[in-house]
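Read the structure below first, then the notes.
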Amino acid sequence: MASIIPKHAINCSEALASSAHNIVANPDPCRYTIVPGGCRPRYNDWIAGSAALEMSAVREMRDLSSKTLISVIDDDEDFRATIADLMQAMGFTIEAFSSAVDFLASPNVRHTSCLITDVNMPRMTGTELHSHLVGSGYDIPMILITAYPDDSARTRALGQGVVCYLSKPLDVEALFGCVRSALQRSIPKENLS
């Protein structure tokens, strides 16, 4: 697993010069948030980053990203914003929601190519959302994320068609791999021949 990006404040000039804080091997001052006494990476400590993420993987993700809608659902505002920012930095169109109920009320449910959602949320869990979508005829590739990993829940979710079941803190490379798999699954079969 890649190292965890620290949430604590760091010196901006050191951060921008240090490849250890570059998530996608592309120096970007917008990745840093100004805080009293300096700045910190915008990607919080829920995300494990890697300076070793290969440029070919970054290019592949950007190739898949054109006009692709990824919806992110998490009741934790910071985590939701972090994942949305990360996916948006890769060129994806993002819609972020604080609950599964809010996502279901969106007019873009049917346009979602990949759904990244927390497992444990109030009113409707990520697994309940998956069951609801499948029962309603939607085949949206879903990535479930949890801070409370449970092997039996993971096995059940994967058996029901969830693309990936990841634990927090996230490994960025694992997340990108899951997004790649989800998007390849969402490509209409006639485009594969």
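The values are calculated or read from the model by the stated rules, or taken from the named source; none is laboratory data. Bear in mind the structure is a predicted one, so any value in this text is a computation, not a measurement. For neighbour counting, all protein chains shown are included, and Cβ atoms are generated from backbone atoms with ideal geometry for every residue, glycine included.
Please verify whether residue 131 is of a type in the set (Gly, Ala, Ser), out of contact with any Cys (no Cβ under 9 Å at 6 or more places or on another chain), within 23 Å of residue 99 (Cβ to Cβ) and surrounded by fewer than 18 Cβ atoms within 10 Å (Cβ to Cβ), treating the condition exactly as stated. Even if it seems obvious, please write down each step before you answer.
On the way: of a type in the set (Gly, Ala, Ser): yes; out of contact with any Cys (no Cβ under 9 Å at 6 or more places or on another chain): yes; within 23 Å of residue 99 (Cβ to Cβ): yes; surrounded by fewer than 18 Cβ atoms within 10 Å (Cβ to Cβ): yes.
Answer is yes for this residue.
Hey, could you check region 73-108 for residues that are among the β-branched types (Val, Ile, Thr) and in contact with a Phe, Trp or Tyr (Cβ under 7 Å, 6 or more places away or on another chain) and say which is surrounded by the fewest Cβ atoms within 10 Å (Cβ to Cβ)?
82
Out of curiosity, is residue 151 more than 24 Å from residue 101 (Cα to Cα) and surrounded by 13 or more Cβ atoms within 10 Å (Cβ to Cβ)?
Criteria not met by residue 151.
Look at residue 172 and say whether it is in contact (Cβ under 8 Å) with a residue 60 or more places away in the chain and not charged (D, E, K, R).
Numbers: in contact (Cβ under 8 Å) with a residue 60 or more places away in the chain: yes; not charged (D, E, K, R): yes.
In short, yes.
Quick grid of which residues meet (1) touching a strand residue (DSSP E or B) at 6+ places or on another chain (Cβ under 8 Å); (2) aliphatic (A, V, I, L, M); (3) in contact (Cβ under 8 Å) with a residue 12 or more places away in the chain; (4) farther than 20 Å from residue 183 by Cα:
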{"site": "79", "(1), (2), (3), (4)": "yes, no, yes, yes"}
{"site": "86", "(1), (2), (3), (4)": "yes, yes, yes, no"}
{"site": "91", "(1), (2), (3), (4)": "no, no, yes, no"}
{"site": "95", "(1), (2), (3), (4)": "yes, no, yes, no"}
{"site": "99", "(1), (2), (3), (4)": "yes, no, yes, yes"}
{"site": "110", "(1), (2), (3), (4)": "no, no, yes, no"}
{"site": "115", "(1), (2), (3), (4)": "yes, yes, yes, no"}
{"site": "124", "(1), (2), (3), (4)": "no, yes, yes, yes"}
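Checking residue 137 against (1) on the phi < 0 side of the Ramachandran plot; (2) free of Cβ contacts under 8 Å to residues at least 24 places away in the same chain, which test does it fail?
It fails just one condition, (1).
So that you can scan it fast, the table gives a plain yes or no per residue for (1) part of a loop (DSSP other than H, G, I, E, B); (2) closer than 15 Å to residue 73 by Cα; (3) at pLDDT 95 or above:
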position: 129; (1), (2), (3): no, yes, yes
position: 133; (1), (2), (3): no, yes, yes
position: 143; (1), (2), (3): no, yes, yes
position: 149; (1), (2), (3): yes, no, no
position: 153; (1), (2), (3): no, no, no
position: 165; (1), (2), (3): no, yes, yes
position: 174; (1), (2), (3): no, no, no
position: 180; (1), (2), (3): no, no, no
position: 193; (1), (2), (3): yes, no, no
